Every structure is written in C-alpha cells, then in structure tokens.
Amino acid sequence: GDSVTQMEGPVTLSEEAFLTINCTYTATGYPSLFWYVQYPGEGLQLLLKATKADDKGSNKGFEATYRKETTSFHLEKGSVQVSDSAVYFCALREQDDKIIFGKGTRLHILP
Amino acid sequence: DVKVTQSSRYLVKRTGEKVFLECVQDMDHENMFWYRQDPGLGLRLIYFSYDVKMKEKGDIPEGYSVSREKKERFSLILESASTNQTSMYLCASIAPWDRPYEQYFGPGTRLTVT
C-alpha cells in the first residue's frame, strides 16, 4: 500500500539556520502531497500542499516541491525561527481521500 | 472561525468502561476520519466515513466502533476501554478530492485509560 517515509528527529537547529526535512513516498496513481505542522498542545494544521508533479507549495516561508521522478516532497525553510518549533508531518492523499502520514519529525529551534 | 471541534481535550477512564469521543464539523464536509497519534508511530487511521450512516475500517479498527447519524457529527466509541488505547485521538474533516486544500483537524483528545 501507499506509504510515507520522513527523516527521524528530533532535529535541533539554531535560529536563522537553513532547514530541510526529507520526505519520500510510495504510491500507486497520482496522490496529492502535504506537509502538516503540530504546535505543542494543538491539533494538526495544514502547512502547504502540492497536487501534481513539479508543483511547489509554500506558506510562512516554508517550501516543498512535488518531485515525481524521485518520489520526494522535502520541506525547506531558509531561516528558521524559535516559533517554528513543532512536529512536522509529511502526508499523501490517496484517490479515495484517505490521508497517509509519515511518523513526524520534531523540530527544536534554539535562540 | 470554528471548523472541527472535539468533545474533550483530556479524558481519564477506567479499564472496561465504554468511552465516547465526539467530533463535530461546521463545513458540510462528507468525509470524516478518526486517527490515533502515538510517539514514534505517527498518525494511524482507525475509521472513516464518506457520508451519513456510512463507515469504513481503517488500519487499526480493532477495539473501536463509530457512528455517523448526522453529517456534521462523527463519534468514536471504545466498547471496553483498555490501557493500550491510551493515546491522542484526532478527528479530521476533509472536502472531496476536487478540493484537496480543505482539510481540517480537531485539537485532539488525550485519553488515558487506567
């Protein structure tokens, strides 16, 4: 079945550092891809999305590009802030609307 | 701006009790989902529903059941709670495939079974 693999955390960076969180997927068909963020004590929020190959999703300074040839959707941000500390989930949406999640990557940003 | 609400943020129940977790959405979405979130395991799908009175098993349905009597409400039921059901439970409401941006999660219910 479809699956999502993302880098294990925790990831610890200093403020203003460059961030990359790797995500790869396996899927039949052409899924939509997403990154969700979960701040401490809260539910999941949709951070960004891409629905077809070569689409770039972006929001709040984060970006990810749907790479069909490498089945990847890596999350990047040029300069992280303390407020970006959270758990990040890569996910794909199947044709039947089910969402498959990666295991999550905890990000700590040090001031 | 309320979109998905869950009946409780924190819940403590005893082994063997029947537990109801409720989820309500105000977006008229057909699709609703229940996940549980555990450290190191991510989110795993328990049950989902594409419409009123419809339900489908997800990846880990054992020990759970669901009810969808109204479009806006999707309930998760633990028939006889056990300690291995201690977890964070998340409800999601998702628009159909042609509106993939419309996906919302509730704040979660942290259930402890003692």
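At a glance:
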| item | result |
| --- | --- |
| Qualifying position, being more than 10 Å from every other protein chain (Cβ to nearest Cβ) and out of contact with any Pro (no Cβ under 9 Å at 6 or more places or on another chain), among A:Gly102, A:Gly78, A:Gly1 | A:Gly78 |
| Contacts under 7 angstrom Cβ, first residue in segment B:39-54 being without any contact (Cβ under 8 Å) to a residue 12 or more places away in the chain, partner surrounded by 19 or more Cβ atoms within 10 Å (Cβ to Cβ) and not in a strand (DSSP E or B), 6 or more apart | B:Gly40/A:Lys103; B:Leu41/A:Lys103; B:Gly42/A:Gly102; B:Gly42/A:Lys103; B:Gly42/A:Gly104 |
| Within segment A:26-44, considering residues that are under 16 Å from A:Lys56 (Cα atoms) and more than 10 Å from every other protein chain (Cβ to nearest Cβ), the one surrounded by the most Cβ atoms within 10 Å (Cβ to Cβ) | A:Trp35 |
| Residues of segment B:78-114 satisfying the condition of being within 12 Å of the chain's Cα centre (by Cα) and either closer than 23 Å to B:Met27 by Cβ or of a type in the set (Asp, Glu) (or both) | B:Met88, B:Tyr89, B:Leu90, B:Cys91, B:Ala92, B:Ser93, B:Phe105, B:Gly106, B:Pro107, B:Gly108, B:Thr109 |
| Which listed residue, of A:Ala91, A:Ala17, A:Ala64, is in a strand (DSSP E or B), touching a residue at least 12 places away in the same chain (Cβ under 8 Å) and away from chain B (no Cβ under 13 Å) | A:Ala64 |
| Subset of segment B:12-36 that is within 22 Å of A:Val37 (Cβ to Cβ) and over 11 Å from the mean Cα position of the chain (by Cα) - its residue that is nearest to the other protein chains (Cβ to nearest Cβ) | B:Asn31 |
| Selection from segment B:80-114 of residues that are in a loop (DSSP other than H, G, I, E, B) and either within 14 Å of another protein chain (Cβ to nearest Cβ) or at pLDDT below 95 (or both) | B:Ala95, B:Pro96, B:Trp97, B:Asp98, B:Arg99, B:Pro100, B:Tyr101, B:Glu102, B:Gly106, B:Pro107, B:Gly108 |
| Search result, residues across segment B:62-72 that are assigned to a strand (DSSP E or B) and surrounded by 15 or more Cβ atoms within 10 Å (Cβ to Cβ) | B:Tyr64, B:Val66, B:Ser67, B:Arg68 |
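The values are calculated or read from the model by the stated rules, or taken from the named source; none is laboratory data. Since this is a predicted model, take the numbers as computed values, not measurements. All Cβ positions, even for glycine, are placed from backbone atoms using ideal geometry, and neighbour counts span all protein chains on display.
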